[in-house]
Protein chains: 2
Amino acid sequence: MNKELNLKTLIVKKPLKLDCGKTINDFPIAYETYGTLNEEKDNAILVFHALTGDQFVTGLNPITNKDGWWSYAVGPDKAIDTNKYFVICSNVIGGCLGSFGPSHKDPNTQKVFGTNFPVITINDMVNAQNNLLDHFGIEKLFSIVGGSMGGMQVLQFISNFPDKAKTVIPIACTSNHSAQNIAFNELGRQAIAADTNWNGGDYNSKDTIPNKGLAVARMAAHITYLSKKGLQEKFGRKLQEREDLKFGFDADFQIESYLRYQGSVFVDRFDANSYLYITRAMDYFDLAKQFNGNLSDAFKETKAKFFIISFTSDWLYPTQENKDIVIALNSIGADVGFVEIESDKGHDSFLLDVPDFLSALKNFLEKSYTDN
Amino acid sequence: MNKELNLKTLIVKKPLKLDCGKTINDFPIAYETYGTLNEEKDNAILVFHALTGDQFVTGLNPITNKDGWWSYAVGPDKAIDTNKYFVICSNVIGGCLGSFGPSHKDPNTQKVFGTNFPVITINDMVNAQNNLLDHFGIEKLFSIVGGSMGGMQVLQFISNFPDKAKTVIPIACTSNHSAQNIAFNELGRQAIAADTNWNGGDYNSKDTIPNKGLAVARMAAHITYLSKKGLQEKFGRKLQEREDLKFGFDADFQIESYLRYQGSVFVDRFDANSYLYITRAMDYFDLAKQFNGNLSDAFKETKAKFFIISFTSDWLYPTQENKDIVIALNSIGADVGFVEIESDKGHDSFLLDVPDFLSALKNFLEKSYTDN
């Protein structure tokens, strides 16, 4: 869908063995950078995006013509200060914004992969992204940062590459996907599969797009990103441009109109099969399982400084799941800070203008950078 | 869909003016009864069902060949003791088990209504059901009881007919549908509308059934009926009949398999258009709005004894929303009891074997009946 765009792309020549057993070669990773890498190459921050994010962290996103997804947090003088740090972000593999994914052609058959693309994991994603460090000649990142699925990648990255980051900031995430979160992801996948245009994943050859199913998946997910209280305060029972109920099935309530809008704009920028693959990677994420059930062991090789952030009203990745990571780190005497930010904005808090969060993030980074 | 079944049906001859402005005539209400109406006709309990319930409260449901939806609570010697009380329950109008609904034929056109059926409200539902009292010659019910949407009907019924019930038991409900709950209902409606088989509501004439969309709607709703903790304890990350992840999109996890099953069995017993109409009625429910924003005024004419029940892990109709009803009743000096039951089973607690709940319900009824 983005063939006309000139995306910055690294072609990874080194074969990557995936968790599913398959090996991929000569595959693209699309990325963006912000700020300038200093001579010492010690000011780089690798940002990992969430389920529907992309490499366009800040500034204008050329697909949506809107601000990048983390414009509140990343930019000149912001928490992740691009005057000071060199920010790298890449589209995850499995995604749909230039990195190797199900909308690419299988080089063997010259047909679009669709659901013939290999099922990838969070581990595969970070192993792929590690190639960016070699590309930029960076031995050690100043920081790795990400929220939600981005936070899962942060945890997996430092586990895989314990010497490659000085500081580690997982935000609003978990070390293993809960049953409720698997359930919501499965709901989204079933909504896509229920769309006859999905066609078993082979919609490219039929020139049909499962936009209705993908929109429903997005609506479902969107509800989970907001808190009950936040929704009540913002929308409550307010009506949508009408004086009274219309006794029909149009959007009477603002919340209905809002959800429909969220669904409709999403399908313009996202690929249905990528949605399947990325949610699958999230569901498969269970870091402790990789270490025989001992989460602490995932971090025992690193000397990095951790800072973990959760939000009070996040019911998707509640504080307790973030604290479980803190406990695992504390139990091995790791350098770990933790803050729970008061916010009614739910899981989405990490993407929004939540001053306490942004200042905590800024202060942690600045203090750690000064200690460099 | 139930044309072969011999459903007990009352044809209501008295015209009913609906909130939408239309009037319906000669319409059916399908109902069931359990136990025996005593000579004094003072032992009747009117049970109101929830979104996907029906008149088959207990015993064998002839559609599903499974136990009725409230078999834990209703039956001989149970909380709602059919040795003692005469239990009446009817399918709501808008439903699909015999009462007047969108799958019925419009007498004017002889075509199935579909979305030409008038949009109905909780108020319309209870006004329709009030006809059952005349039918049985009951002046005053011993009790009115219901959970979830059933609880909304309880509140509306006593507001409309303040002298027609001695005791009033709204369970796990609200006096006005929250933005989050409207959002989840709208998600379900959009899932149905996204199914090309829905065909704008006119699927009967095309002999297509939007089962895929309806199944997705059910899956979404089902997640909201369970608590995060309950899901984690019951399913966690347990795999479905496999030793390890399969790296595909089949149901790897038990929770996925469970959700798919819930969707698939639901479509065998429910009509997609009824799902639209009933969720709409729930979203429209705002009892205080009927009294210029003062919820207490809804109850000021009644001398009934209220008993309100909520569940700790119910995040769909949380304790606070139930307490708001208690507060409104207390502020006018009504006779009101309230209990919050400890349960990890989420909103579904009222349908399940939750002993503290069942004994509270039983004791309240018995004490009130003895005081008769």
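The values are calculated or read from the model by the stated rules, or taken from the named source; none is laboratory data. Model, not experiment: these values are computed from the prediction. Cβ sites come from the backbone with ideal geometry, for glycine too, and all protein chains shown count toward neighbours.
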Discussion item. I'm trying to understand the selection: among the residues of segment A:181-196, which are among the small types (G, A, S) and either free of Cβ contacts under 8 Å to residues at least 40 places away in the same chain or at the interface with chain B (Cβ under 9 Å from one of its Cβ atoms) (or both)?
Written reply: A:A183, A:A191, A:A193, A:A194
Worksheet item: Quick check: is even one residue across segment B:295-308 more than 27 Å from B:D67 (Cα to Cα) and of a type in the set (S, T, Y)?
Response: yes
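Report the residue count in segment A:39-79 for those that are at positive phi and in a strand (DSSP E or B). Don't jump to the end; show me each part of the working.
Of segment A:39-79, the ones at positive phi are A:41, A:59, A:65, A:75, A:77.
When the remaining residues are screened for being in a strand (DSSP E or B), the result is A:75.
Count: 1.
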Discussion item. Among the residues that make up segment A:243-258, is at least one of them more than 7 Å from every other protein chain (Cβ to nearest Cβ), farther than 30 Å from A:G137 by Cα and of a type in the set (V, I, T)?
Written reply: no
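Okay, residues lined up against (1) in the same structural domain as A:T109 (by TED's automatic domain parsing); (2) within 19 Å of A:G346 (Cβ to Cβ); (3) within 26 Å of the chain's Cα centre (by Cα):
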residue: A:S205; (1), (2), (3): no, no, no
residue: A:P210; (1), (2), (3): no, no, yes
residue: A:G213; (1), (2), (3): no, no, yes
residue: A:M219; (1), (2), (3): no, yes, yes
residue: A:G236; (1), (2), (3): no, yes, no
residue: A:D268; (1), (2), (3): no, no, yes
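Residues of segment B:242-272 being part of a helix (DSSP H, G or I) and surrounded by fewer than 16 Cβ atoms within 10 Å (Cβ to Cβ), which ones? Give the steps one after another, and end with the answer.
Step one: list which residues in segment B:242-272 are part of a helix (DSSP H, G or I), which gives B:254-266, B:272.
Of everything in segment B:242-272, those that are part of a helix (DSSP H, G or I) and surrounded by fewer than 16 Cβ atoms within 10 Å (Cβ to Cβ) turn out to be B:Y261, B:S264, B:V265.
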Practice prompt. Scan segment B:272-305 residue by residue and report those that are under 19 Å from the mean Cα position of the chain (by Cα) and away from chain A (no Cβ under 14 Å).
Written response: none
Worksheet entry | Some residue of segment A:37-57 being surrounded by fewer than 18 Cβ atoms within 10 Å (Cβ to Cβ), within 20 Å of A:I278 (Cβ to Cβ), hydrophobic (A, V, I, L, M, F, W, C) and in contact (Cβ under 8 Å) with a residue 24 or more places away in the chain | no
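Sort out which residues of segment A:19-38 are of a type outside the set (S, T, Y) and either assigned by TED's automatic domain parsing to the domain that holds A:T224 or not in a loop (DSSP other than H, G, I, E, B) (or both), and write them in order of number. First the steps, then the outcome.
Here is the first cut: in segment A:19-38, the residues of a type outside the set (S, T, Y) are A:19-22, A:24-30, A:32, A:35, A:37-38.
A:I24, A:F27, A:P28, A:I29, A:A30, A:E32, listed by residue number.
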Discussion item. Checking A:I309 against (1) of a type in the set (A, V, I, L, M, F, W, C); (2) assigned by TED's automatic domain parsing to the domain that holds A:G346; (3) part of a helix (DSSP H, G or I), only one condition comes out false. Which one?
Written reply: (3)
Discussion item. Take the conditions touching a helix residue (DSSP H, G or I) at 6+ places or on another chain (Cβ under 8 Å), aliphatic (A, V, I, L, M) and assigned to a helix (DSSP H, G or I) and apply them to A:A360. Does it pass?
Written reply: no
Worksheet item: Does B:K22 satisfy the condition of being farther than 18 Å from B:N130 by Cα, surrounded by 16 or more Cβ atoms within 10 Å (Cβ to Cβ) and either in contact (Cβ under 8 Å) with a residue 40 or more places away in the chain or away from chain A (no Cβ under 14 Å) (or both)?
Response: no
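Could you please let me know if A:L214 is under 25 Å from B:F253 (Cα atoms), part of a helix (DSSP H, G or I), without any contact (Cβ under 8 Å) to a residue 60 or more places away in the chain and aliphatic (A, V, I, L, M)?
Judged against the criteria, A:L214 is not a match.
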Response to the item:
Considering only helices (runs of 4 or more DSSP H) wholly within segment A:103-211, the ones with at least 2 residues that are crowded, with 24+ Cβ neighbours inside 10 Å and either aromatic (F, W, Y) or modelled with pLDDT of 95 or more (or both) are A:122-129, A:149-160, A:179-194
Worksheet, complete the sentence: Those residues of segment B:21-36 that are over 21 Å from the mean Cα position of the chain (by Cα) and under 25 Å from B:T279 (Cβ atoms) come to a total of 4
Practice prompt. Collect the residues in segment A:327-338 that are within 23 Å of A:I80 (Cα to Cα) and either in contact with a His (Cβ under 9 Å, 6 or more places away or on another chain) or surrounded by fewer than 18 Cβ atoms within 10 Å (Cβ to Cβ) (or both), keeping them in residue-number order.
Written response: A:D335, A:G337, A:F338
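Could you check segment A:216-241 and list, in sequence order, the residues that are among the hydrophobic types (A, V, I, L, M, F, W, C) and either surrounded by fewer than 20 Cβ atoms within 10 Å (Cβ to Cβ) or more than 7 Å from chain B (Cβ to nearest Cβ) (or both)?
The answer is A:A217, A:A221, A:L226, A:L239.
Going by the conditions given, is B:S296 surrounded by fewer than 16 Cβ atoms within 10 Å (Cβ to Cβ), among the polar types (S, T, N, Q) and not assigned by TED's automatic domain parsing to the domain that holds B:Q232? So that I can check it myself, show each step before the final result.
On the way: surrounded by fewer than 16 Cβ atoms within 10 Å (Cβ to Cβ): no; among the polar types (S, T, N, Q): yes; not assigned by TED's automatic domain parsing to the domain that holds B:Q232: yes.
So B:S296 fails the test.
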Worksheet item: How many residues are within 14 Å of chain A (Cβ to nearest Cβ) and either free of Cβ contacts under 8 Å to residues at least 60 places away in the same chain or of a type in the set (D, E) (or both) when one looks only at segment B:310-347?
Response: 7
Worksheet item: Among the candidates A:N199, A:N131, A:N204, A:N123, which residue alone is within 14 Å of chain B (Cβ to nearest Cβ) and touching a residue at least 40 places away in the same chain (Cβ under 8 Å)?
Response: A:N123
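Taking segment A:339-357 as the region of interest, how many residues are assigned to a loop (DSSP other than H, G, I, E, B) and touching an Asp or Glu at 6+ places or on another chain (Cβ under 7 Å)?
So in segment A:339-357, the residues assigned to a loop (DSSP other than H, G, I, E, B) come out as A:342-345, A:352-354.
Subset that is touching an Asp or Glu at 6+ places or on another chain (Cβ under 7 Å): A:342, A:344.
Number of matching residues: 2.
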